[in-house]
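First the structure, in the form of structure tokens, and then the observations on it.
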Amino acid sequence: MRVSFYQAQTDNIHNSTAMIAGMVTLLTAMGVVIGATYGDALTGALGAFTVAGGMGTYTWFAGAGTILSMSGAKQVSHDVHPQLFNIVEEMKIASGLPMPKVYIIESEAPNAFATGRDPEHSAVAVTTGLLAKLNRDELQGVIAHEMSHIRNYDIRFAMIAAIMVGSIALISDAFLRSRRSGRGGHPVMIVVALLLAALAPLSATILQMAISRQREFLADASAVELTRNPDGLASALYKITHDDKPLDTANRATQHLYIVNPLKSFSMKSSNLFSTHPPTEARLRALGQMGADISRLL
Amino acid sequence: MFWIILLVLVLLAMYVIMIYNGLVTLRAQVKNAWSQIDVQLKRRYDLIPNLVEAVKGYMGYEQETLQKVIQARAEAMKASSMATRAEKEGMLTEALKSLFALTENYPDLKANQNVLQLQEELTSTENKVAFSRQFYNDSVMSYNIKCETFPSNIIAGIFNFLKEEFFQAAEGDRAVPKVSLR
């Protein structure tokens, strides 16, 4: 069934909105229920949002610059690597975004990521391994995917999701601790609150990962909108997944930023509830629906 | 009662202003996108003489192709109307494709760093021209959608926002370019 990249984008946006709504509901529910155990649901809800707000303000301003230095990325100009710079410029023109900073990471493992909480403060990075293995069309597809993350504010999206998960974990932790001191409260509400506090952090994490996977599909569809060439990206994903060199500088904190998860074993089907990326096979099928010829890739 | 009506009117006015500003912004984006195409075309005109110079020494026997490129460039730069311009641009693209195809026959030329860099720059410029046209069409689409969907179409009608035209490829562009390898 042929799907236009516009439709693919709309579907993905609807799904991620629903997931974020789910998280906000969870956060509110926790606040209300915990507040109710002490007899004041409203204060509970307000308290939950205050915690989220506090965490949010800190994370918003603290996070951005360290990721690039952590991965050993070096900024490059047009003269250092004309083709890479040109491709980023081409995608800048196609998307109407401001020109991001361009970085190269010394590593044989092929991968790429984008960072920055809005298009004016953004950067894309690729490894030397990626530059060596992909042809121009494939590289263009990868850059288009990364710039789509910037365009769709995915980095900001992921930050918000992380803040909510963190807040839920914090509140749940605080509540469970407070129960140990054995203070009184409505017995039914206590049971509900305990259940929620125990299950919420896990559910929130699962939701967070589901959101991350959805945004990856969205970035793929947006990339096709930019290049109008689904084959480039499909071929690139295939090549990257079938490479077995590990990326030394990635870790659990940064894995969601890369185009293909650098930490999971490289199989086409690898994915579970806690994967930040969908399995490559699913992504190739989605690209196939948008017109890529994936018969030789599956 | 009076205050409620006043509030509703104020909200309505704000809504209308919001839509009006949205239309103004989208139309400005369309105009900007159009001028960006010219920026890329100019880049191409500037690059071509360098390419011809670099290639001339090696491809002495290919005068005809080289001449075609120089000629096509001159004509494209001279063109006045949009339709002629698009047609001449298409012919320039064809001439460049023939030239690049011919470089396959000259291993020394292919290995020359200057030529490789120029080829990359020209490839990129061709892409940039294409993408700037694509972005122009995308901007036109967003603007036209806003002009035609309800309720912004009412405001568009009142303030005379007209639909814009998509960039169309010239007939010559659609034909598959012939590459003669002599």
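With a bin width of 10 angstrom, please list the P(r) values of segment A:19-59 as percents of all Cα-Cα pairs, from the 0 bin to the one holding the largest distance. Over segment A:19-59, the share of Cα pairs per 10 Å bin runs 34, 48, 18, 0 percent. Given +1 at the Cβ of Lys and Arg, -1 at the Cβ of Asp and Glu and no other charges, the dipole of the protein assembly as shown around its Cα centre is 920 debye to the nearest 20. The C-alpha radius of gyration of the protein assembly as shown, expressed as a fraction of 2.2 N^0.38 Å, stands at 1.19.
Across peptide B:118-127, the mean count of Cβ atoms from other chains lying within 10 Å of each residue's own Cβ comes to 3.
Arranged from fewest to most other beta-carbon atoms within 10 Å of their beta carbon, A:D293, A:D154 become A:D293, A:D154. Farthest towards the positive end of the charge dipole of the protein assembly as shown, among the residues A:L237, A:A41, A:F274, is the Cα of A:A41, using unit charges on the Cβ of Lys, Arg, Asp and Glu.
Taking the three principal axes of the alpha carbon atoms in segment B:1-157, the coordinate ranges are 89, 30, 20 Å, sorted in descending order. Summary of the geometry: segment B:1-59 and segment A:106-156, compared by the centres of their Cα atoms, lie 26 Å apart.
Based on the Kirkwood approach, the hydrodynamic radius assigned to segment B:89-165 is 15.8 Å, with every pair of different Cα atoms included. Spacing of the modelled spin labels on A:D79 and B:E64, each 7 Å from Cα toward Cβ, amounts to 4.2 nm. The length gained on full extension between A:S203 and A:Y6, counted as 0.36 nm times the residue separation minus their Cα-Cα distance, comes to 67.9 nm.
Give me the angle, in degrees from 0 to 90, between the Cα long axis of helix B:82-103 and the longest principal axis of the Cα atoms of chain B, rounded to the nearest 10. Tilt relative to chain B: about 40 degrees. The residue among B:N153, B:Q134, B:A72 whose Cα reaches farthest toward the positive pole of the charge dipole of segment B:2-173, with charges on the beta-carbon of Lys, Arg, Asp and Glu, is B:N153. Packing, taken as the mean count of other beta carbons within 10 Å per residue, orders the peptides A:221-228, A:78-85 from highest to lowest as A:221-228, A:78-85. Label point of A:L273 set 7 angstrom out along Cα-Cβ; within segment A:187-205, amide nitrogens under 16 Å from it belong to A:196-205.
Chain B: longest stretch without exposed GluC sites (Glu not before Pro) (DSSP loop, at most 14 other Cβ within 10 Å), sites themselves excluded? The reported range is B:1-103.
The residues A:H242, A:H149, when put in order of fewest to most other Cβ atoms within 10 Å, stand as A:H242, A:H149. Label positions at A:T28 and A:R228, each projected 7 Å from the Cα along the C-beta direction, are separated by 4.3 nm.
As a proxy for reagent exposure, ranking B:I70, A:I87, A:I34 by other Cβ atoms within 10 Å from fewest up yields B:I70, A:I87, A:I34. FRET efficiency for the B:R43 to B:I17 pair, using the beta carbon distance and R₀ = 35 Å, is estimated at 0.35. Each peptide in A:118-127, A:96-105, B:21-30 gets a packing score, the mean of other Cβ atoms within 10 Å over its residues, and the list from highest to lowest is A:118-127, A:96-105, B:21-30. Among the aspartates and glutamates, which fall within straight-line cross-link reach of B:K68, defined as a Cα-Cα distance under 19 Å, with same-chain neighbours fewer than 8 residues apart omitted? Straight-distance partners of B:K68: B:D46, B:E53, B:E87, B:E89, B:E94, B:E104, B:E126, B:D173.
Bridges between two residues of the protein assembly as shown, per DSSP, are antiparallel at a rate of about 60%. The mean sequence separation of alpha-carbon pairs under 8 Å and at least six residues apart, normalised by the residue count of segment B:1-124, gives a relative contact order of 26 percent.
All of the numbers you see were taken from the coordinates with simple rules; none came from a lab. What you see is a predicted model, and the numbers here were worked out from it, not measured in a lab. Virtual Cβ from ideal backbone geometry, glycine too; neighbours counted across all protein chains shown.
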